[in-house]
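Heads up: the structure comes next, in structure tokens.
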Amino acid sequence: AGYRNIDTAFIYGGQTTEIEVGKAINDAIQNGIITDREELFVTTKQWREYHGYDKSLQCLDLSLERLGMDYVDCWMMHWPGPCWESKPRQERDQIKNNRGSKRSQEENDTDMDPWKNAKEGMGKDEIIALRAETWRAMEDAYRLGKTRSIAVSNFTIQHLESLKQSAILWPPAINQIECHPYYPQNDLLEYCKKEGIVVQAYAALGGQDGTKAKWKELGGKLLESPPVVSAASKLSNPLKKVTPAQVLLRWALQRNCAIVPKTSSPVRMKENANVFDFILAAGDMEAISNLSSRLENEVSVGRLCWRTEPLRMLDFN
């Protein structure tokens, strides 16, 4: 399909995707599809289990070894929060049984507090300093030439503001975030624009974590949403069919977001890249943007990704 931007992460595929990406790139060079590594822009991400200075550098070295590369073009901090200790099944069942029982509110709140299961050294009062150490490692990796840019992912305004206090290299090149019409993140986009941070939208088509109940709550899948389908119909003609997916990607682009749509279909890969020969009219942009305005609380309701993550709403410092 001609893509030259590859987005992967240490944790993807149960820590196997980087290996497969490295093999694919090597095969592409051997088969003459590309001349050399310089033709590609490769992004990978540090995983939260490796927060901290030394561990983050270890994480990058493991990523580079798996990829078979001396450097990546962009290295991101994947998640601003902690890694979790696994709870034994017996403890999980006990917490469920305790809900609604005649216990004090304080006891129930303690059971429900995810921070009590954060790994040692990653507690609520430690995570800011730990992120700062991770960023310091990323700064040094940049100086050493192991990455050509450093970035973050899933960071809120407050996470960026706290990181800014200790950062020497600022701003991050990119903040890769969930962003789509149900979850437009307007304030964060404005902040990143002010700071000179490129916003890169993942789940621009709505993501893969939405359940039937969630889609019903939102009013239907984005790809089937009336303003999206209507815009696709108006833009289509006998020479070119514009799909709802292309409309959603174009909506993101016209909001000055870079996009990283995910698909395993070669046909869809080509379709996703074919979004530069049409423009959404102002009325269609507004109609699609208004999909979030009717949600009672877009901040929580419109969030689709990281469904099983205890701190998925990122409402921590």
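The values are calculated or read from the model by the stated rules, or taken from the named source; none is laboratory data. Please read all numbers here as calculations on a predicted model, not as lab measurements. Here the Cβ positions follow ideal geometry from the backbone for every residue, glycine too, while neighbour counts run over all protein chains shown. The accessibility values were calculated without ligands, DNA or RNA, using every heavy atom of the protein model including side chains. Shrake-Rupley method; radii C 1.70, N 1.55, O 1.52, S 1.80 Å.
Here each label is just a point 7 Å from Cα along the line to Cβ, and for N290 and A213 those points are 3.1 nm apart. Helix-only arithmetic for the chain: the sum of -39500 (n - 2.57) across DSSP H runs with n ≥ 4, divided by the residue total, places the mean residue ellipticity at 222 nm at -12500 deg cm²/dmol. Charging the Cβ of each Asp and Glu at -1 and of each Lys and Arg at +1, and nothing else, the dipole of the chain about its Cα centre rounds to 940 debye.
In sequence order, the range 280-285 has phi-based couplings of 6, 5, 4, x, 5, 4 Hz under the Karplus curve 6.51 cos²θ - 1.76 cosθ + 1.60, θ = phi - 60°, and Gly or Pro positions carry x.
What does the C-alpha gyration tensor say about the overall shape of the chain? Classify as rounded when a/c is under 1.5, otherwise prolate if a/b is larger than b/c, or oblate. Before the final figure, lay out the partial values.
On the way: a/c = 1.74, a/b = 1.12, b/c = 1.54.
Oblate.
Peptides 27-36, 307-316, 67-76, 158-167, ordered by how many other C-beta atoms sit within 10 Å of their residues on average, highest first, read 67-76, 158-167, 307-316, 27-36.
Please report the carbon-and-sulfur percent of the accessible area for the chain; probe 1.4 Å, protein heavy atoms only, DNA, RNA and ligands left out. Can you show the working numbers first?
Details: 8270 of 16480 Å².
Reported share for carbon and sulfur atoms: 50 percent.
Label positions at A282 and T35, each projected 7 Å from the Cα along the C-beta direction, are separated by 4.5 nm.
Just to confirm a number: summing +1 for Lys and Arg and -1 for Asp and Glu over residues other than G145 whose beta-carbon lies under 15 angstrom from that of G145, what do you get?
Numbers: positive: R37, R143, K146, R148; negative: E38, D61, D70, D73, E139, D140.
It works out to a net charge of -2.
Nearest-5 percent of antiparallel DSSP beta bridges in the range 163-317?
Values: 2 of 9 bridges.
Bridges in the range 163-317 are about 20 percent antiparallel.
Excluding same-chain neighbours fewer than eight residues apart, the lysines reachable from K212 by a Cα-Cα span under 17 Å are K221.
Sort 13-20, 282-289, 245-252 by packing, meaning the average of other beta carbons within 10 Å per residue, with the highest value first.
Numbers: 13-20: 14.2, 282-289: 16.0, 245-252: 24.4.
Descending packing order for the listed peptides: 245-252, 282-289, 13-20.
Calculated accessible area for the chain comes out at 52 Å² per residue, all protein chains present (probe 1.4 Å; ligands, DNA, RNA ignored). The charge dipole of the range 1-50, taken about its Cα centre with unit charges on the Cβ atoms of Lys, Arg (+1), Asp and Glu (-1) only, comes to about 120 debye.
Cα centroid separation, the range 123-144 to the range 189-254: 33 Å. Spin-label model, K240 to D125: label points 7 Å out along the Cα-to-beta-carbon direction sit 5.9 nm apart. Gyration tensor over the Cα atoms of the range 181-242: the corresponding equivalent ellipsoid has semi-axes (square roots of 5 times the eigenvalues, largest first) of 26, 20, 10 Å.
If both residues of a DSSP beta bridge must be in the chain, then about 15% of such bridges are antiparallel. Comparing Y53, L64, A1 along the charge dipole axis of the range 1-67, the residue lying farthest to the positive side is Y53, per the Cβ-charge model. What is the range 215-275 by shape, rounded, prolate or oblate, if you read a ≥ b ≥ c off the alpha carbon gyration tensor as root eigenvalues and call it rounded for a/c under 1.5, prolate for a/b larger than b/c, and oblate otherwise? The shape class here is rounded. Computed over the range 171-317, the alpha-carbon pair-distance distribution with 5 angstrom bins reads 2, 9, 19, 22, 21, 15, 8, 3, 1, 0, 0, each value a whole percent.
Figure legend: label point modelled 7 angstrom from the Cα of D70 along Cα→Cβ; residues of the range 8-44 with amide N under 12 Å from it are 37-38. For the cross-link pairs K216/K270; K146/K193; K45/K146, the ones whose C-alpha atoms lie over 20 Å apart are K216/K270; K146/K193.
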